[in-house]
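The values are calculated or read from the model by the stated rules, or taken from the named source; none is laboratory data. Note that the structure is a prediction, hence the values are computed from the model and not measured. Ideal geometry is used to build each Cβ from the backbone, glycine not excepted, and the neighbour counts take in all protein chains shown.
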Amino acid sequence: MAELLTRLLQELIHADARACAALPERRVQLLDAHRCERYFDGWPPGFRPESYVLPRLMKLRESGMPQHDYWESLFDVPLIVERFGFNRVRGNVAELGCGYGTFTLPVAASIGGVVHTFDIEPEMAERTSTRAREAGLTNVRIVTRDVAADGFDLDPGSCDAVLLFNILHGEHPVELLREAERLLGLNGFVAVTHWRTDIQTPRGPPADIRPSPAQVVKWAAEAGMSSVTPTGAMDLPPWHYGLKLTRT
């Protein structure tokens, strides 16, 4: 009976951990132990709630994915790949958030190196892996990793480009930009896209957390980078803008 109660409590705590993800601590502790203890005559033997610690879940806010076909209809993928000049990239590329592999695959097909793509969702990583295998791409490395919490597992200066597509509405954009800048080799760049702020768009985060091009440029300066995009931002129709950032 004690083992059953312990297992049930652990499952309940894991389920509630997602509600704690917004806390500033890197790890979440069960603080309200007495709220649960009142349902039992003390805790089951061997269960110590004060030391039960869970990893923080760092999935970015407003980062859910719609259906595959609908998602990919929202981008002109060849246009975006061409405007950032990925066909001229000879080295490695890092990508934060592979999703369905919407950009992972065409970028891998364009560059001379390896695309190191990272996603917190195992399902997304598996789908991208399957698509890369079906496309015959051997230069895609897919890692299930919480980059927002733990960074990229790549060496400094190891990449010619870093993709931050539709990602800078997260809670810590400057930290993400700094981590991307860390990876840049000589003449490397960070490619940023986001939903436009001057028009109504069919998806995207709320207006109060959706960054404008000017806001991204300001964050980039804090991270030691500047925009080299002519005219301020690239128009990436139908719904996005783009910025190309390099070290200052």
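For the reader, a short list of remarks on this structure follows.
- When each of Pro173, Pro106, Pro156 is tested for being surrounded by fewer than 17 Cβ atoms within 10 Å (Cβ to Cβ) and modelled with pLDDT of 95 or more, the lone residue that passes is Pro156.
- Taking the criterion of being in contact (Cβ under 8 Å) with a residue 60 or more places away in the chain and of a type in the set (Val, Ile, Thr), the only residue of the stretch 171-194 that qualifies is Thr193.
- Taking the stretch 168-217 as the range and being under 20 Å from Val115 (Cβ atoms) and among the aromatic types (Phe, Trp, Tyr) as the test, only Phe189 passes.
- Residues being touching a residue at least 24 places away in the same chain (Cβ under 8 Å) and not in a strand (DSSP E or B) - total across the stretch 219-248: 11
- Of the residues making up the stretch 190-200, those that are surrounded by fewer than 23 Cβ atoms within 10 Å (Cβ to Cβ) and among the hydrophobic types (A, V, I, L, M, F, W, C) number 2.
- Selection from the stretch 141-168 of residues that are in contact with a His (Cβ under 7 Å, 6 or more places away or on another chain) and closer than 16 Å to Val217 by Cα: Asn166, Leu168
- Restricting attention to the stretch 45-96, the residues that are closer than 19 Å to Arg196 by Cα, at pLDDT 85 or above and in a loop (DSSP other than H, G, I, E, B) add up to 5.
- Among the residues of the stretch 159-218, those that are at positive phi and in a loop (DSSP other than H, G, I, E, B) comprise Asn166, Gly204.
- Restricting the stretch 201-235 to residues that are of a type in the set (D, E, K, R) and under 30 Å from Tyr70 (Cα atoms) leaves a set whose member that is surrounded by the most Cβ atoms within 10 Å (Cβ to Cβ) is Arg210.
- Residue, nearest to Gly242 (Cα to Cα), within the stretch 144-200, restricted to residues that are out of contact with any Ser or Thr (no Cβ under 7 Å at 6 or more places or on another chain) and among the polar types (S, T, N, Q): Thr193
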